[in-house]
Amino acid sequence: NAGVTQTPKFRILKIGQSMTLQCTQDMNHNYMYWYRQDPGMGLKLIYYSVGAGITDKGEVPNGYNVSRSTTEDFPLRLELAAPSQTSVYFCASGTANYGYTFGSGTRLTVV
Amino acid sequence: GESVGLHLPTLSVQEGDNSIINCAYSNSASDYFIWYKQESGKGPQFIIDIRSNMDKRQGQRVTVLLNKTVKHLSLQIAATQPGDSAVYFCAETYNQGGKLIFGQGTELSVKP
């Protein structure tokens, strides 16, 4: 099993550009999450999903969109990149019975 | 409320000593708690978890204590080693694993 796979690992965007961060899990988990982590800070929840077709806002959803068309995939969309979105983005999946697994992160810089 | 703009608190211990990392959680309805370890440049790694119907749970060299009265969680690491140096986060969730919220985190530094 690959676990939680995030792509790309690194990306530099110009202000106003858009991009999609990909997240795929092969553990058949219903719950998936997106977090951002600014340097020296904790993880802030952007969006989460409790199953295919169901998504909900987290603590810091502004500027982001998500979709969950399959159990495996949970992409995060940035429509108009801003310098404030420079961060490391982590995807996670899991269940309350078996814990949560994190991907290795996407480091995004907006210039 | 959020600790916007605050950087991580740090804990410095001598190798071989025991470490205690504390966490205050926010939601009295939370029923599942997890401690994660994050090394530089990596994603969070599961350490130990505990459910709200328990007060204490032990793993290998780690113990988690839960005090629901004051909404406090602690992680005890026995015989701390240099490899334990990392940032430690607590996380909470409720209602069978919906929203998973992280606490502020503590940076543990182990001196040889």
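The values are calculated or read from the model by the stated rules, or taken from the named source; none is laboratory data. Everything numeric here is computed off the predicted structure, so don't read it as measured data. Counting neighbours? That spans all protein chains shown, and the Cβs are built from the backbone with ideal geometry, glycine included. For the accessible areas, the whole protein counts, side chains as well, though only heavy atoms, and no ligand, DNA or RNA atoms are used. Shrake-Rupley method; radii C 1.70, N 1.55, O 1.52, S 1.80 Å.
Brief remarks follow.
- Test: residue in region B:50-70 that is open to solvent by 20 Å² or more (accessible area, probe 1.4 Å), among the β-branched types (Val, Ile, Thr), within 14 Å of chain A (Cβ to nearest Cβ) and closer than 30 Å to A:Cys23 by Cα: no
- Residue match in region B:88-98 (condition: at pLDDT below 95 and either farther than 20 Å from A:Ile46 by Cβ or of a type in the set (D, E, K, R) (or both)): yes
- Screening A:Glu72 against (1) more than 14 Å from chain B (Cβ to nearest Cβ); (2) of a type in the set (Asp, Glu); (3) open to solvent by less than 70 Å² (accessible area, probe 1.4 Å) leaves a single unmet condition, (3).
- Residue selected from region B:71-112 under the condition more than 11 Å from chain A (Cβ to nearest Cβ) and of a type in the set (Lys, Arg), by the criterion farthest from the chain's Cα centre (by Cα): B:Lys111
Yes/no per residue for (1) within 11 Å of the chain's Cα centre (by Cα); (2) of a type outside the set (Phe, Trp, Tyr):
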position: A:Arg68; (1), (2): no, yes
position: A:Ala81; (1), (2): no, yes
position: A:Ser87; (1), (2): no, yes
position: A:Cys91; (1), (2): yes, yes
position: A:Thr95; (1), (2): no, yes
position: A:Gly99; (1), (2): no, yes
position: A:Phe102; (1), (2): yes, no
position: A:Thr106; (1), (2): yes, yes
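- Residues of region B:73-91 that are open to solvent by less than 20 Å² (accessible area, probe 1.4 Å) and either part of a strand (DSSP E or B) or more than 14 Å from B:Ser12 (Cα to Cα) (or both): B:Leu73, B:Ser74, B:Leu75, B:Ile77, B:Ala86, B:Tyr88, B:Phe89, B:Cys90, B:Ala91.
- Pair list, Cβ < 9 Å and 6+ apart or interchain, from region A:94-111 residues that are more than 10 Å from chain B (Cβ to nearest Cβ) and surrounded by fewer than 16 Cβ atoms within 10 Å (Cβ to Cβ) to residues that are of a type in the set (D, E, K, R) and in a strand (DSSP E or B): A:Thr109/A:Arg11
- Residue match in region B:21-40 (condition: of a type in the set (Val, Ile, Thr), touching a Ser or Thr at 6+ places or on another chain (Cβ under 9 Å), at pLDDT 95 or above and surrounded by 15 or more Cβ atoms within 10 Å (Cβ to Cβ)): yes
- The strands (runs of 3 or more DSSP E) found entirely in region A:1-83 that carry 3 or more residues being in contact (Cβ under 8 Å) with a residue 40 or more places away in the chain and of a type in the set (Ser, Thr, Tyr) are A:31-37.
- With respect to the conditions (1) more than 8 Å from every other protein chain (Cβ to nearest Cβ); (2) surrounded by fewer than 19 Cβ atoms within 10 Å (Cβ to Cβ); (3) more than 13 Å from the chain's Cα centre (by Cα); (4) not β-branched (Val, Ile, Thr), A:Gly40 falls short on a single one, namely (1).
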